[in-house]
Amino acid sequence: MNITLTFHAHQPNRLIPYDFFKIGEHAFYEDDELNGRVLSAVAERCYLPANRLMQQLIELSDGKFRFALALSGVILEQAKYHRPDLIDSFARLAETGAVEFLAMPYYASLASLYAPSEFEEQVQEHVQLIEQLFGCRPTVLWNTGMLYDNAIAAQVCDMGFEGIMADGNSRMMSNRHTNDLQCAPLIDKTKTLIRNRHLSNDLANRRVDPTWSEYPLSPYTFADWLTRQEGQVVNLSMDYETLGERQPDTTGVFEFWRTMITAAVFNGNTFLTPGEAVRKFPSTGTLDCPNPVSCSTYGTTTQWNGNVMQQEAIKKIYDLEASVKASHDSDMIHVWRKLQSADHFHYMEKSNGFTPYPSPFDAYIYYMNALADLQVRVKREAEMNKAFDSKNLA
């Protein structure tokens, strides 16, 4: 069987407790110390040991094992500042020639839903960063949370990408085969690689669930499941934090993956990167997806926009697009874009287990206060520019 494996990694810029009295007076919103501390902890438990394991597997298999990484611009930015050794570790993987880096919206934003032109700019910024750091140009896109619909696929095609990742949840798949490449309606140049949701979640979630009927899962059993799959290619995709963070080293996660990958190669399976898969296989049909889907639990977008707080925050951040860009202030545009990260809206959801805030309401208040300060700064900048222009015309 042909197999693609993609890991996604992103760390948000968490906000300080930004209260009302800081508005107009305090222009730095991020808890840089917390962001650096979290990144370093996750790097030690997950990213660095996982990178070492992946490199060992590539070397032990003489390059037969291949995989892809979707790394947000935000995590790479944090790594350059707090953990440059992490950038070096990813660069060593790039040097093997067996790792493909996928394109993403730089800020892990929802721009593909709310601001298509901004989405394209963020993807272009991310592509430039990947080229700068790792010397390769992405040809396949992994959107935030695997956001996908017909309109997004069409735009990604217009941007020149060969492929886009999508989640194989039941809201989208209908009678389609998860392991076959598809194309969105009226598109033939950009293929959709569909995540095998069931097998991916076996690895990401159920492997450590003692109530699961297959617990404890043997790596040889999972390798056999892969070998018996039908279709063109089975696409496995999950957060990189699965290895060592969500599933600690004490669960045997690294040894499980070492054994599973080795067994899958031994069984005669072929590992491909997503770019290799879209170039190797033709589309088997049309995948019609008029409404946005994601790889969330329910396959929807409600983890970001399901309540009134989230909806108001999203509206206000994207309503600022024209005025922020009119400032031509690159620092201000960068701050505005960092506030677009989908995590900020996810933290406003009651069921979020990863939030750094006491409650969804606190997340909302801190965010809206920071946004109010940004609005003040944008207005001041516009008034200064207007005064400067008037003086020059006088």
Mean Cα-pair separation over length for the stretch 302-393, i.e. relative contact order, pairs under 8 Å, 6 or more apart, %: 32 percent
Where labels lie 7 Å past Cα in the beta-carbon direction, separation of residue 384 and residue 251 in nm: 4.9 nm
In nm, spacing of pseudo-spin labels at residue 267 and residue 131 (7 Å Cα→C-beta vector): 4.0 nm
CD proxy at 222 nm, helix term only [per DSSP H run n ≥ 4: -39500 (n - 2.57); per residue of the chain; nearest 500]: -14500 deg cm²/dmol
For 279, 228, 45, order by how many other beta-carbon atoms lie within 10 Å, fewest first: 228, 279, 45
Stretchable slack from residue 186 to residue 351, in nm (0.36 nm times residue separation minus alpha-carbon distance): 55.6 nm
Percent RCO, i.e. relative contact order, over the stretch 2-280, from Cα pairs under 8 Å lying at least 6 residues apart: 26 percent
FRET E, pair residue 158, residue 92, Förster distance 30 Å, beta-carbon r, rounded to 0.05: 0.30
Among 222, 116, 82 the positive-end extreme of the charge dipole of the chain (Cβ point charges): 222
Fewest-first ranking of 192, 96, using other Cβ atoms within 10 Å as the exposure measure: 96, 192
Sum of side-chain charges, residue 344 neighbourhood, beta-carbon under 14 Å (Lys, Arg +1; Asp, Glu -1): -1
Sum of side-chain charges, residue 273 neighbourhood, beta-carbon under 13 Å (Lys, Arg +1; Asp, Glu -1): +1
Mean shadow area of the stretch 1-87, taken as a quarter of the surface of its Cα convex hull (nm²): 7.5 nm²
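Where a number appears in this text, it was derived from the coordinates with a stated rule and is not lab data. Because the structure is a prediction, the values reported are computed rather than measured. Cβ sites come from the backbone with ideal geometry, for glycine too, and all protein chains shown count toward neighbours.
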